[in-house]
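Here is the structure we will look at, set down as structure tokens.
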Amino acid sequence: MFRETNVKDLCVELASEGKILNTWTSSGKKKPIDSSRIELCAMR
């Protein structure tokens, strides 16, 4: 079972691997918040 904090950590990890876009740091956050948009990166 995942808790919200686990999902946020996973998003940070996926963003560092380039698999999803890191859209939350533009608002000064280290992890996504409820209003953060999660987007896949374009395929190479």
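Coordinate-derived values only; no laboratory data. Everything quoted here is computed from the prediction, not taken from an experiment. Virtual Cβ from ideal backbone geometry, glycine too; neighbours counted across all protein chains shown.
Ranking of LYS19, LYS8, LYS30 by neighbouring Cβ atoms within 10 Å, starting from the fewest: LYS30, LYS19, LYS8. Rounded to the nearest 20 debye, the dipole size of the chain about its Cα centre is 80 debye, using +1 on the Cβ of Lys and Arg and -1 on the Cβ of Asp and Glu. Inter-label distance, LYS19 to PHE2: 1.0 nm, where each label sits 7 Å from its Cα along the C-beta direction. Annotation: extensible slack from LEU10 through SER27 equals 4.2 nm (criterion: 0.36 nm per residue apart, minus Cα-Cα distance).
Can you put LEU40, LEU14 in order of Cβ neighbours within 10 angstrom, beginning with the fewest? Write out the running numbers ahead of the final one.
Values: LEU40 9, LEU14 16.
Ascending Cβ contact count within 10 Å gives the list LEU40, LEU14.
What the Cα convex hull of the chain gives, in volume per residue, is 77 Å³.
As a rough footprinting exposure proxy, the listed residues ILE33, ILE20 were ranked by other beta carbons within 10 Å of their own, and the order from fewest upward is ILE33, ILE20.
Ellipticity at 222 nm from helices only: DSSP H runs of n ≥ 4 in the chain, each -39500 (n - 2.57), divided by the residue count, give -9500 deg cm²/dmol.
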